[in-house]
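A.B. asks: Dropping a structure here in structure tokens format, bear with me for questions.
The values are calculated or read from the model by the stated rules, or taken from the named source; none is laboratory data. Being a predicted model, the structure only gives us computed values, none of them experimental. Because the Cβ atoms are built from the backbone with ideal geometry, glycine has one as well, and the counts that use them run over all protein chains shown.
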Amino acid sequence: MRTDEENKMSLRDVNVEKEYRTLGCNIAHDFYIPLLNNATEYNRAVGFFSSSILARITEGISGLVKNEGHIKLIASPYLSNEDIEAMRKGYEERKIIIKNALFKQLLMPQSKTEAERLNLLATLIANGTLDIKIAYTESGMYHEKLGIIKDTENNIVAFSGSMNESLTAIESSYEVLDVFTSWNDPEERAKEKYTRFNSIWNGTENNLTIIDFPELKNEVIKQYRKHEVNYEIIRHYDDELMIRSCVEEDTKKVKIPKSLTLYDYQKNAISEWKKNDYKGIYNMATGTGKTFTALSSIAELYNNINGGFCVIILCPYIHLVNQWIEDIEKFNIKPIIAFSDSPQKNWKEKLDRAVFNRNNTTESKGFFCLVSTIDSFKGKFIQNKINQITKSPILLVADEAHNLGANTTKQYLQKEKYKYRLALSATMNRHFDIKGTEFLYNFFEKECISYGLKQAIDEKHLVPYKYYPIIVTLNDDEKEQYCELSRQITLEIRLDSESNEQTLSEKGKRLCIKRSRIVAGAENKILTLIRTIEPYKNKNMILIYCGAVKYDNDKISGELDENDKKQITTIIKELYDKYEMKITKFTAQESAEERKTIIQKFSEGKDLQCIAAIKCLDEGVNIPSIKTAFILASSTNPKEYIQRRGRVLRKFEGKEFAEIYDFVTLPYSLETIRNKTFEENNYYKSLATNETRRMTEFADLALNKYDSMPYINVLKESFDINKITQEEILENE
């Protein structure tokens, strides 16, 4: 990954002249290379094209590749007089004439240097960095010579002149380039030329025909790509360019980084997965290294079958994809990043080329890794590409794999498509979804490891914790709303005619969400928090969990419920006003860069004591420095609150144990509950059941386990919680 400093690339940092003449300067060294090193786009329209120019400016091309940039080339094929005459008279279809002319020009390389140049050309096409379109006019030939170089800040350098895109043009011929920069261009010539190029590329320029020839690009790859290119190793001997492509096998192999040491339980999981023909499930507690275990598993498979496969890694949300990318690259893998707002704007082209290579090469040369959100994976484009992989096995890795058990996703998982399979989850069982859970265990097969929180704490891979339930009561208005919604929910229970099972209508599900928000946003929680947090007012590394956000397919939308907004805003204001605590919010509304800054300041413990978070820490965002957590809102789904607890228990320097303050919401105080009749308490049985289950789960592994028992016993007795009805199951869903 590029550092923040490296990302601040700008064409303005380059000294750009208004004119370049080949006999008066080194155009490759003075013009191309420094500009391309700072660019993300290189657009070129030329009359003739030679792969030799790419070899001469490889140093600049390598910078463009690092910037995940893209090259667009418009060129004209060499057409004989007979070709042009045939086009004019309409003897043959023009595209066929053009195609035949292009294929005639794909000659075998005559030297090692020429072979390396053609390999470079093929590699740039294969990895999606270079795209080529063919242009021709009524007379057959296209002679324009236009170039555009652009950076992330939308600075543009445009150039035109007599020079074609060939080594002879920039080193032997007498050629001239006129240059225009967007930041010093009162007539806006640079922007005008950029617009003109895009018009040509998109085929909207009058009297000019543009053709995209996928079969030509495929043929170039097939004939000329021999090995990977190392753009960094370039030397000149006696003024003759030599590209030294690093072809040692281990430079491109998937391999475990030297800095990573796997624990015995991780090694055992990989061993069991291998024994089961590379299929299985890693049930591992949050914070115990699922990602590194999975990536080490990929490396194990790679070494055992010599890279003869491809990998698809699925994540439920975009922020998880981004976290995977950082770890994947440590294993010497350059992933294709597939989702709607991917930083790889040309990821579809990359995947298209990767699939072609996988089908047309052997062993490790065709290996590729795709990281995608579940939603993008289900899209037509990726599904079509997966169906095209006919000569290679696929390894499917599913992070937070319980998400794949949904009815809308199961149809995309067929065993015959994915020879190798690996599921990762802290809680593989789906909440009140027996069929979905059974499907997942059938698809991924064997559980290769079950490594829970207790074992992880006992073996010191997670820190121990103390648990403090804090009782909060609903006010009169909240109790009234809760009871009314419960009554309406009961009316939405339906009997499924086919399965003869009770289900909840869509309206009923919406009512359950509305009811859960009353509990999450109970007004008394804020006053109780202010009292409870007072002993920590001068401490740091404190987390406050608030309400939830709405999810939209594969990304968090950032939309907050009004109660959530009110709660988190009030908490931040009250804690600052009363205790002058340094606190900020951490929600889906903050950008990735803002989150990164917050985590850094929080971990340092100087400028930031406390963060108030909403939902986004539940799956994927790791802040191991958290020492004390105040949980104001909890999901009724055990999967979510188990994950939530695990994130607080990650090891961090100086962190001997964690503390969890769990705000348990009840209709009345414990003393009052004891005095209520069974009928009165029964209105709130669903609420009490959910809260008691969570308390029991959290208290069971706590250092101070028995401190919570009086609360739990009162609730079990008062609400008869030892049994659960079908109605309660539906309400909890």
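A.B. asks: Report yes if some residue within the stretch 191-198 is buried (at least 18 other Cβ atoms within 10 Å of the Cβ), at pLDDT 90 or above and in contact with a Lys or Arg (Cβ under 9 Å, 6 or more places away or on another chain); otherwise report no. Walk me through how you get there before you give the answer.
C.D. replies: So in the stretch 191-198, the residues buried (at least 18 other Cβ atoms within 10 Å of the Cβ) come out as 193-194, 197.
From what's left, at pLDDT 90 or above: 193-194, 197.
If we keep only those that are in contact with a Lys or Arg (Cβ under 9 Å, 6 or more places away or on another chain) too, we end up with 194, 197.
Yes - at least one qualifying residue is present in the stretch 191-198.
A.B. asks: Just one of Asp577, Asp618, Asp561, Asp607 is touching a Lys or Arg at 6+ places or on another chain (Cβ under 8 Å) and modelled with pLDDT of 85 or more; which is it? Let's see the steps before the verdict.
C.D. replies: Numbers: Asp577 fails: touching a Lys or Arg at 6+ places or on another chain (Cβ under 8 Å); Asp618 fails: modelled with pLDDT of 85 or more; Asp561 fails: modelled with pLDDT of 85 or more.
From the options Asp577, Asp618, Asp561, Asp607, the qualifying one is Asp607.
A.B. asks: A follow-up question, please. Take the residues in the stretch 653-704 that are more than 21 Å from Leu527 (Cβ to Cβ) and among the small types (Gly, Ala, Ser), then tell me which one is surrounded by the fewest Cβ atoms within 10 Å (Cβ to Cβ).
C.D. replies: The extreme case among them is Gly654.
A.B. asks: Look through Lys258, Lys279, Lys274, Lys267 and report the one residue that is modelled with pLDDT under 95, out of contact with any Pro (no Cβ under 6 Å at 6 or more places or on another chain) and of a type outside the set (A, V, I, L, M).
C.D. replies: Numbers: Lys279 fails: modelled with pLDDT under 95; Lys274 fails: modelled with pLDDT under 95; Lys267 fails: modelled with pLDDT under 95.
Of the residues listed, the single one that is modelled with pLDDT under 95, out of contact with any Pro (no Cβ under 6 Å at 6 or more places or on another chain) and of a type outside the set (A, V, I, L, M) is Lys258.
A.B. asks: Within the stretch 469-480, does at least one residue satisfy the condition of being more than 34 Å from the chain's Cα centre (by Cα), hydroxyl-bearing (Ser, Thr, Tyr), in the same structural domain as Asn524 (by TED's automatic domain parsing) and more than 29 Å from Asp707 (Cα to Cα)? Step through it out loud before you land on a result.
C.D. replies: Within the stretch 469-480, the first condition is being more than 34 Å from the chain's Cα centre (by Cα), and the residues that meet it are 469-480.
Next, from what is left, pick out any that are hydroxyl-bearing (Ser, Thr, Tyr): 473.
The next check asks that each one be in the same structural domain as Asn524 (by TED's automatic domain parsing); those that pass are 473.
Narrowing further to those that are more than 29 Å from Asp707 (Cα to Cα): none.
Checked against the condition, which is being more than 34 Å from the chain's Cα centre (by Cα), hydroxyl-bearing (Ser, Thr, Tyr), in the same structural domain as Asn524 (by TED's automatic domain parsing) and more than 29 Å from Asp707 (Cα to Cα), the stretch 469-480 yields no hits at all.
A.B. asks: Just checking, which of Thr437, Thr390, Thr373, Thr409 is closer than 30 Å to Val664 by Cα and of a type in the set (S, T, N, Q)?
C.D. replies: On the way: Thr390 fails: closer than 30 Å to Val664 by Cα; Thr373 fails: closer than 30 Å to Val664 by Cα; Thr409 fails: closer than 30 Å to Val664 by Cα.
Sole residue among the options that is closer than 30 Å to Val664 by Cα and of a type in the set (S, T, N, Q): Thr437.
A.B. asks: Quick one: which helices (runs of 4 or more DSSP H) sit completely within the stretch 669-733 and have at least 1 residues that are within 19 Å of Ile642 (Cβ to Cβ) and modelled with pLDDT of 90 or more?
C.D. replies: Details: elements: 670-675, 678-682, 685-700, 709-719, 726-732.
Filter on the stretch 669-733 gives 685-700, 709-719.
A.B. asks: Considering only the stretch 268-302, how many residues are in contact (Cβ under 8 Å) with a residue 60 or more places away in the chain and of a type in the set (Lys, Arg)?
C.D. replies: 2
A.B. asks: While we're looking at this one, here's another question. If I ask for residues that are closer than 17 Å to Asp30 by Cα and either of a type outside the set (Phe, Trp, Tyr) or at pLDDT 90 or above (or both), which ones from the stretch 174-187 would you list? Let's see the steps before the verdict.
C.D. replies: Applying the first criterion (closer than 17 Å to Asp30 by Cα) to the stretch 174-187 yields 174-181.
Glu175, Val176, Leu177, Asp178, Val179, Phe180, Thr181 - these are the residues of the stretch 174-187 that are closer than 17 Å to Asp30 by Cα and either of a type outside the set (Phe, Trp, Tyr) or at pLDDT 90 or above (or both).
A.B. asks: Let me ask something additional. Name the single residue that is modelled with the highest pLDDT among those in the stretch 309-326 being in contact with a Gly (Cβ under 8 Å, 6 or more places away or on another chain) and either part of a helix (DSSP H, G or I) or more than 14 Å from Ser376 (Cα to Cα) (or both). Can you show your working first?
C.D. replies: Taking the stretch 309-326 first, the residues in contact with a Gly (Cβ under 8 Å, 6 or more places away or on another chain) are 310, 315, 317, 319-320, 323.
So of that shortlist, the ones also either part of a helix (DSSP H, G or I) or more than 14 Å from Ser376 (Cα to Cα) (or both) come out as 310, 319-320, 323.
Numbers: Cys310: 94, His319: 75, Leu320: 82, Gln323: 82.
So, considering only residues that are in contact with a Gly (Cβ under 8 Å, 6 or more places away or on another chain) and either part of a helix (DSSP H, G or I) or more than 14 Å from Ser376 (Cα to Cα) (or both), the one modelled with the highest pLDDT is Cys310.
A.B. asks: Under the condition of being among the β-branched types (Val, Ile, Thr) and touching a Lys or Arg at 6+ places or on another chain (Cβ under 6 Å), which residue from the stretch 456-485 is nearest to Gly654 (Cα to Cα)?
C.D. replies: Kept after step one, since they are among the β-branched types (Val, Ile, Thr), are these residues of the stretch 456-485: 457, 463, 470-473.
Then drop every residue that is not touching a Lys or Arg at 6+ places or on another chain (Cβ under 6 Å), which leaves 463, 472.
Working: Val463: 11, Val472: 32 Å.
Per the criteria, the residue is Val463.
A.B. asks: Regarding Glu215, is this residue in the same structural domain as Tyr42 (by TED's automatic domain parsing), among the charged types (D, E, K, R), in contact with a helix residue (DSSP H, G or I) (Cβ under 9 Å, 6 or more places away or on another chain) and under 17 Å from Leu130 (Cβ atoms)? Don't jump to the end; show me each part of the working.
C.D. replies: Details: in the same structural domain as Tyr42 (by TED's automatic domain parsing): yes; among the charged types (D, E, K, R): yes; in contact with a helix residue (DSSP H, G or I) (Cβ under 9 Å, 6 or more places away or on another chain): yes; under 17 Å from Leu130 (Cβ atoms): yes.
Criteria met by Glu215.
A.B. asks: Quick one: in the stretch 481-513, of everything that is of a type in the set (A, V, I, L, M) and more than 40 Å from the chain's Cα centre (by Cα), which residue is nearest to Leu666 (Cα to Cα)? Outline the logic, then answer.
C.D. replies: Taking the stretch 481-513 as the starting set, the residues that turn out to be of a type in the set (A, V, I, L, M) are 485, 489, 491, 493, 495, 504, 511, 513.
Keeping just the survivors that are more than 40 Å from the chain's Cα centre (by Cα) gives 491, 495.
Working: Leu491: 23, Leu495: 31 Å.
Among them, the one singled out is Leu491.
A.B. asks: Also, I was wondering about something else. Would you call Ile374 in contact with a Leu (Cβ under 6 Å, 6 or more places away or on another chain) and under 16 Å from Leu404 (Cα atoms)? Working first, answer last.
C.D. replies: Values: in contact with a Leu (Cβ under 6 Å, 6 or more places away or on another chain): yes; under 16 Å from Leu404 (Cα atoms): yes.
Considered against the rule, which asks whether it is in contact with a Leu (Cβ under 6 Å, 6 or more places away or on another chain) and under 16 Å from Leu404 (Cα atoms), Ile374 comes out as yes.
A.B. asks: Does the stretch 34-52 hold any residues that are modelled with pLDDT under 80 and either in contact with an Asp or Glu (Cβ under 6 Å, 6 or more places away or on another chain) or closer than 22 Å to Asp185 by Cβ (or both), and which are they? Spell out how you get there, then give the answer.
C.D. replies: Of all residues in the stretch 34-52, those modelled with pLDDT under 80 come to 46-52.
Those that are modelled with pLDDT under 80 and either in contact with an Asp or Glu (Cβ under 6 Å, 6 or more places away or on another chain) or closer than 22 Å to Asp185 by Cβ (or both): Val46, Phe49.
A.B. asks: Of all residues in the stretch 365-406, which are modelled with pLDDT under 90 and acidic (Asp, Glu)?
C.D. replies: Across the stretch 365-406, the qualifying residue is only Glu400.
A.B. asks: Which one of these does Ser139 not meet: (1) at pLDDT 70 or above; (2) farther than 19 Å from Leu64 by Cα?
C.D. replies: All conditions are met except number (1).
A.B. asks: Which one of the conditions (1) modelled with pLDDT of 65 or more; (2) under 18 Å from Val46 (Cα atoms) does Ser166 fail to meet, given that it meets all the rest?
C.D. replies: In the conditions (1) modelled with pLDDT of 65 or more; (2) under 18 Å from Val46 (Cα atoms), Ser166 misses (1) alone.
A.B. asks: List pairs: first residue in the stretch 706-733 and of a type outside the set (Ser, Thr, Tyr), second residue modelled with pLDDT of 90 or more and surrounded by fewer than 17 Cβ atoms within 10 Å (Cβ to Cβ) anywhere in the structure, Cβ distance under 6 angstrom, at least six positions apart or on different chains.
C.D. replies: As it stands, the answer is Ile712/Thr696, since those pairs meet every condition given.
A.B. asks: Considering each residue of the stretch 443-458, count those that are farther than 27 Å from Phe663 by Cβ and either assigned to a helix (DSSP H, G or I) or not assigned by TED's automatic domain parsing to the domain that holds Ile281 (or both), and give that number.
C.D. replies: The initial filter retains those residues of the stretch 443-458 that are farther than 27 Å from Phe663 by Cβ, namely 443-451, 455, 458.
After this cut, where a residue has to be either assigned to a helix (DSSP H, G or I) or not assigned by TED's automatic domain parsing to the domain that holds Ile281 (or both) as well, the list is 443-444, 455, 458.
Matching residues across the stretch 443-458 total 4.
A.B. asks: When only residues in the stretch 572-616 that are more than 29 Å from the chain's Cα centre (by Cα) and assigned to a helix (DSSP H, G or I) count, which is nearest to Arg647 (Cα to Cα)?
C.D. replies: Once the filter is applied, the top-ranked residue is Ile572.
A.B. asks: I'd like the full set of residues that are of a type in the set (S, T, N, Q) and either closer than 15 Å to Ile149 by Cβ or outside any helix (DSSP H, G or I) (or both), limited to the stretch 196-208. Don't jump to the end; show me each part of the working.
C.D. replies: Residues of the stretch 196-208 that are of a type in the set (S, T, N, Q), as a first pass: 198-199, 202, 204, 206-207.
The answer is Asn198, Asn202, Thr204, Asn206, Asn207.
A.B. asks: Under 7 Å by Cβ, and 6 or more places apart or on different chains, what pairs join a residue from the stretch 490-502 that is within 23 Å of Arg515 (Cβ to Cβ) with one that is assigned to a loop (DSSP other than H, G, I, E, B) and modelled with pLDDT of 75 or more?
C.D. replies: Here the result reads Glu492/Ser505; Arg494/Ser505, each pair linking the stretch 490-502 to a residue that is assigned to a loop (DSSP other than H, G, I, E, B) and modelled with pLDDT of 75 or more.
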